[in-house]
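Peer 1: Below is one structure. I have some questions about it.
The values are calculated or read from the model by the stated rules, or taken from the named source; none is laboratory data. Just so we're clear, the structure is a prediction, and the values are computed from it rather than from any experiment. We place every Cβ from the backbone using ideal geometry, glycine too, and count neighbours over all the protein chains shown. We work out accessible area using only protein heavy atoms, side chains counted, and drop any ligands, DNA or RNA first. Shrake-Rupley method; radii C 1.70, N 1.55, O 1.52, S 1.80 Å.
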Amino acid sequence: MTEEITNIQGHVNDATYDNAVSVLGESLVQKVLIAALTINAWNRLAITNHFLPELQK
């Protein structure tokens with residue numbers, strides 16, 4: 001489901017969403033959705049600003 005959430009070319013398929021709800025429940029699916037969106041937003045900010053992780057020496 002998280003791959004479908006972060007794919008800007010598409011959307012979350014109804015079957016994927018329904019399966020996630022049947023496994024996790026509505027409340028946890030909503031929490032996963034918010035977590036995936038938050039992580040994706042931070043990743044896009046980092047990519048846009050060319051942030052690179054510090055390399056270990």
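Peer 1: Those residues that are open to solvent by less than 50 Å² (accessible area, probe 1.4 Å) and either in a helix (DSSP H, G or I) or among the hydrophobic types (A, V, I, L, M, F, W, C) (or both), I need them from region 16-27; list them, please.
Peer 2: The first filter runs over region 16-27 and keeps only residues open to solvent by less than 50 Å² (accessible area, probe 1.4 Å), leaving 16, 20-21, 25.
Residues satisfying the conditions are THR16, ALA20, VAL21.
Okay, residues lined up against (1) of a type in the set (S, T, N, Q); (2) open to solvent by 100 Å² or more (accessible area, probe 1.4 Å):
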position: ASN7; (1), (2): yes, no
position: ASP14; (1), (2): no, yes
position: VAL29; (1), (2): no, no
position: ALA35; (1), (2): no, no
position: ASN40; (1), (2): yes, no
position: LEU45; (1), (2): no, no
position: LEU55; (1), (2): no, yes
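Peer 1: Under 8 Å by Cβ, and 6 or more places apart or on different chains, what pairs join a residue from region 3-16 that is among the small types (Gly, Ala, Ser) with one that is surrounded by 14 or more Cβ atoms within 10 Å (Cβ to Cβ) and modelled with pLDDT of 85 or more?
Peer 2: Short answer, once both residue conditions are applied: GLY10/GLU4.
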